[in-house]
1. Distance check, please: which entries in Lys62/Lys163; Lys508/Lys542; Lys238/Lys265; Lys569/Lys620; Lys433/Lys620; Lys519/Lys581 exceed 20 angstrom between their Cα atoms?
2. Using alpha carbons only, how many angstrom separate the centre of segment 326-342 from the centre of segment 37-82?
3. Report, in deg cm²/dmol and to the nearest 500, the calculated mean residue ellipticity at 222 nm for the chain, where each DSSP H run with n ≥ 4 adds -39500 (n - 2.57) and the sum is divided by the residue count.
4. Which lysines have a Cα lying under 20 Å from the Cα of Lys451, excluding residues fewer than 8 positions away in the same chain?
5. Sort 848-859, 374-385, 14-25 by packing, meaning the average of other beta carbons within 10 Å per residue, with the highest value first.
6. Which FRET efficiency value, to the nearest 0.05, is calculated for Ser28 and Asp283 with the Förster distance at 22 angstrom and r the Cβ-Cβ distance?
7. Highest first, please rank the peptides 182-192, 787-797 by the mean number of other Cβ atoms sitting within 10 Å of their residues.
8. If packing is taken as the mean number of other Cβ atoms within 10 Å per residue, what is the order of 626-639, 301-314, highest first?
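The values are calculated or read from the model by the stated rules, or taken from the named source; none is laboratory data. All values reported here derive from a predicted model rather than from experimental measurement. Glycine gets a Cβ as well: all are built from the backbone with ideal geometry, and neighbour counts include every protein chain shown. What goes into the accessible areas is simple: the full protein's heavy atoms, side chains included, and nothing from ligands, DNA or RNA. Shrake-Rupley method; radii C 1.70, N 1.55, O 1.52, S 1.80 Å.
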Amino acid sequence: MLCKTATHSFSSCRFQETCLRVLSCCNSHSLKEGICVHSPIIKVGLQDDLYLNNNLLSLYAKCFGIGQARHFFDEMPYKDVVSWTTVLSSHTRTKHHFEALELFDMMLGSGQYPNEFTLSSALRSSSALGEFERGTQIHASVVKLGLELNPVLGTTLIDLYTKCDCTLEAYKLLAFVKDGDVVSWTTMISSLVETSRWSEALQVYVKMIEEGIYPNEFTFVKLLGVSSFLGLGIGYGKLLHAHLIRFGVEMNLVLKTAIVDMYSKCRRMEDAIKVSNQTPEYDVCLWTTIISGLTQNLQVREAVNAFLDMELSGILPNNFTYASLLNASSSILSLDLGEQIHSQVIIVGLEDDIYVGNALVDMYMKCSRITTNAVKAFRGIISPNVISWTSLIAGFAEHGLEEESFQLFAEMQASGVQPNSFTLSTMLGTCSKLKSLVQTTKLHSHIIKTKADIDIAVGNALVDAYAGGGMAEVAWSVIGTMNQRDPITYTSLAARLNQRGDHEMALKVTTHMHNDEVKMDEFSLASFLSAAAGLGTMETGKQLHCHSVKSGLERSNSVSNSLVHLYSKCGSMHDAYMAFKDINEPDAVSWNGLISGLASTGHISYALSAFDDMRLAGVKPNSVTFLSLIFACSHSGLLDLGLEYFHSMEKTYQITPELDHYVCLVDLLGRGGRLEEARGVFETMPFKPDSVICKTLLNACKLHGNVPLGEHMARRCLELDPSDPAIYLLLANLYDNAGLFDFGNKTRWLMRERGLRGSPGQCWIEIRSKIYLFSKGEKIDQNEINEKLESLITQFKKRGYPYHENQDKLYHSEQLAVSFGLLNVPTMSPIRINKNSHICPHCHTFMMLVTYVVGRDIIVRDGKRFHFFKDGQCSCRGHS
């Protein structure tokens with residue numbers, strides 16, 4: 001009997017030893033097959049063996065997930081510190097940090113004392129959750145247990161304090177950690193990088209070198225990514241590369257991949273390729289980094305070649321590789337390439353992968369005219385994440401399907417996926433495009449509830465949406481509540497104010513920007529220059545020009561083009577041309593600004609010559625170019641040349657004329673007296689007529705006294721826009737010019753009867769950077785202005801000029817402005833007046849007489865063009 005018991009005991013021990021060997025081997029290689037010993041262990045009665053159970057628990061955690069591991073752990077009859085540490089660390093490793101801390105509390109409640117590995121896992125979970133107080137409590141346990149000098153715990157504590165923005169405490173801990181080794185310093189650098197505190201990470205690196213601690217490959221891997229985020233450029237990256245060579249750091253695959261990535265992000269692909277060839281080792285991560293770098297640098301052909309080389313080398317691409325290639329297709333809008341990559345994805349069975357699926361949705365949305373394939377790719381993703389949804393929503397919005405994008409946004413939330421800052425910014429951009437204030441306010445409520453407004457991108461999108469919807473005051477209030485503001489914040493507001501024509505308010509944004517200590521960038525400066533151009537404020541524009549020179553922003557094409565536009569709009573073509581000449585490589589916008597400026601200031605031959613120069617320079621004209629050319633011909637009587645330009649758009653340049661081009665064409669023919677041809681264009685053009693083109697033809701009828709056609713066009717205008725007073729005024733003037741004064745008076749009476757009033761004629765003048773506004777019929781209390789006007793009229797009469805004085809003394813805004821200018825503008829400077837509508841014949845005559853009498857130049861910019869008055873003449877020569 002004793003012999004049998006001994007034999008059984010020996011066999012049991014042998015079996016236990018065999019099971020332990022199997023489990024140990026499978027644990028070290030993460031082989032799930034090792035779980036096959038679990039059933040025999042129960043059969044032979046070893047299910048209570050703590051050592052075997054701890055090994056089984058480790059295998060369950062590694063190969064079958066924390067769900068099964070936790071179930072097995074709960075069933076274990078006995079647990080020691082190893083059991084608790086195994087299950088807790090598996091939760092930390094799989095980012096189930098809240099559950100990990102719950103297990104830590106349960107362990108303490110069970111009476112078990114944690115070891116350094118248990119405490120390290122609990123600290124890492126506290127750090128990941130940002131639970132600083134919880135972390136300090138665990139730190140207290142570390143001290144109580146006498147483990148404060150343990151290097152593993154010291155490193156984990158440094159990570160906690162650094163991520164929780166307690167850098168000073170982290171430095172103190174470095175002194176306590178034995179020898180303050182490279183691992184501790186690298187941990188601190190890594191934590192700073194992970195929390196986006198790039199500058200501090202560099203400062204710690206410098207201090208590390210000063211302390212005599214030499215960095216290792218992991219230190220450099222973390223630091224190399226900083227240059228692209230800080231915008232330090234290639235110089236910083238090269239310096240780090242030099243450091244790692246100097247310190248003799250061995251070039252392994254991970255480090256080589258980080259260096260290649262750094263050079264790729266600095267747009268130095270030649271250097272990136274050189275580094276990749278320094279050692280023969282390649283893996284899928286390195287190849288993917290090279291392909292991704294080539295894609296980011298728009299070297300798509302080279303990226304595809306690198307992919308082929310990768311396959312030839314025997315290294316199989318992974319999901320990130322295919323995602324990079326799909327991004328390459330998107331970058332060049334190549335549907336053919338995208339579809340080829342998609343077929344490869346299907347062959348290797350990665351079409352349901354989240355990263356590949358997201359790239360497919362993005363590619364089809366950007367490259368295809370239809371959304372069907374993108375939706376199909378989206379539906380193929382098993383669990384779409386926020387990026388998947390955002391790509392789909394943004395794609396629908398870009399395709400002009402804004403209502404569908406709102407429906408998808410609601411569907412996304414219903415599925416339990418919460419929007420991120422990019423999703424919200426995309427939706428707010430859609431609201432801005434639709435000018436839907438209802439949707440904007442709904443989104444704003446959601447943003448406040450979810451505290452998403454702390455993100456500056458979301459705040460900027462809110463500002464843009466409200467300003468774009470005409471609610472500038474609400475946009476200002478949003479700016480006031482933002483924790484942080486940047487140039488985009490103010491640029492969005494200024495750009496939207498410019499679009500609404502509120503240029504004066506747009507210029508006031510510069511003061512707020514200055515007070516907020518936010519520096520202008522090229523885009524904000526371009527917006528402010530555009531505002532100055534809209535107002536025609538030369539002095540303010542020159543101040544902004546000076547700022548562009550001092551800040552070095554004048555080298556930017558957007559600023560240079562805005563300067564050309566500014567001086568053109570101020571009627572100073574010499575300055576506009578000088579600004580144009582300073583542009584290294586003028587683009588279509590640069591040339592259009594010059595041509596438009598020359599045309600509107602009456603330099604027609606120079607405008608047409610500039611167009612020839614544009615073509616000789618190899619810059620392709622666009623639709624805006626031809627608007628300026630046809631306008632120039634229309635206002636200079638060059639009818640046949642204007643027609644030639646119009647017809648050459650499609651024949652020579654493959655540009656399809658838009659409605660604005662047909663408006664210009666009707667104006668060209670109408671001014672030339674070819675009214676029937678203009679009517680033919682009106683009736684046969686491939687667009688539905690709007691009130692603008694109707695009024696253009698009606699104005700031509702007024703110029704040439706064609707009453708029947710004018711009446712017909714007035715009827716068409718009123719059908720389109722019955723509340724536009726300009727239609728009544730044009731028709732009344734048509735009757736007056738034809739001698740039908742009764743009809744003219746009846747038309748004006750009808751306008752008043754319907755409660756319609758013409759927009760008040762206003763003009764403004766800038767003196768010493770201050771704008772003075774004058775309105776038609778305004779009663780001026782300033783005796784100086786009245787006396788000046790009366791003095792001018794007296795001089796007209798004395799010299800025998802035919803001028804009819806207003807009996808009611810209610811002068812036109814131009815008359816008030818020019819009198820004010822004569823009193824306040826320096827004698828040697830021209831008087832610059834800006835007007836919101838067309839200058840009337842009465843004021844046109846008045847201006848010519850003023851220049852003849854007082855010998856001063858007057859420049860008037862009206863709603864159509866510039867009028868340069870000098871010595872009793874005007875530059876328009878009657879082509880107004």
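1. Among Lys62/Lys163; Lys508/Lys542; Lys238/Lys265; Lys569/Lys620; Lys433/Lys620; Lys519/Lys581, the Cα-Cα distance tops 20 Å for Lys62/Lys163; Lys569/Lys620; Lys433/Lys620; Lys519/Lys581.
2. Their Cα centres are 49 Å away from one another.
3. Result for the chain, helices only: -22000 deg cm²/dmol.
4. The qualifying lysines are Lys442.
5. 848-859, 374-385, 14-25
6. Plugging the Cβ-Cβ distance into 1/(1 + (r/R0)^6) gives 0.50.
7. On the way: 182-192: 23.2, 787-797: 16.2.
Those peptides, ordered most packed to least, come out 182-192, 787-797.
8. Values: 626-639: 23.1, 301-314: 15.2.
Descending packing order for the listed peptides: 626-639, 301-314.
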